[in-house]
Amino acid sequence: MSPRWSAVGRCSGARRNARSPTGRTELPYKTLARPDDPDRSLVVCTPEPDTETAERIALVASRAAAAAG
């Protein structure tokens, strides 16, 4: 982890979304904050590999890339 960012407070969990364009998704997340600026934080969501969520996100990304040309 970069020394500029550190985990704070409730720093991890899973976001569940049933209304996503991809259908039901579950994205694990980690929250990082700058020790010198606690009002700023960065939330990183990444699907677990080999899950239905990862497959759905990859499908949407490939469609978006194809549409972009």
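The values are calculated or read from the model by the stated rules, or taken from the named source; none is laboratory data. All values derive from a computational prediction rather than experimental measurement. Heads up, the Cβs are rebuilt from the backbone with ideal geometry, glycines too, and the neighbour counts pull from every protein chain shown.
If you go through segment 1-51, how many residues are loosely packed, with under 10 Cβ neighbours inside 10 Å, at pLDDT 80 or above and assigned to a strand (DSSP E or B)? Summing the residues that are loosely packed, with under 10 Cβ neighbours inside 10 Å, at pLDDT 80 or above and assigned to a strand (DSSP E or B) in segment 1-51 gives 2.
So is Thr31 of a type outside the set (A, V, I, L, M, F, W, C) and in contact with a strand residue (DSSP E or B) (Cβ under 6 Å, 6 or more places away or on another chain) or not? Yes; evaluated as a whole, the condition is true for this residue. Only one entry of Ala54, Ala64, Ala58, Ala68 meets the criterion of being aliphatic (A, V, I, L, M), surrounded by 13 or more Cβ atoms within 10 Å (Cβ to Cβ), modelled with pLDDT of 90 or more and on the phi < 0 side of the Ramachandran plot, and that entry is Ala54. For beta carbons closer than 6 Å, sequence separation of 6+ or different chains, a first residue in segment 35-49 that is without any contact (Cβ under 8 Å) to a residue 12 or more places away in the chain and within 17 Å of Ala14 (Cβ to Cβ) and a second that is among the hydroxyl-bearing types (Ser, Thr, Tyr) and exposed (fewer than 11 other Cβ atoms within 10 Å of the Cβ), there are no qualifying pairs.
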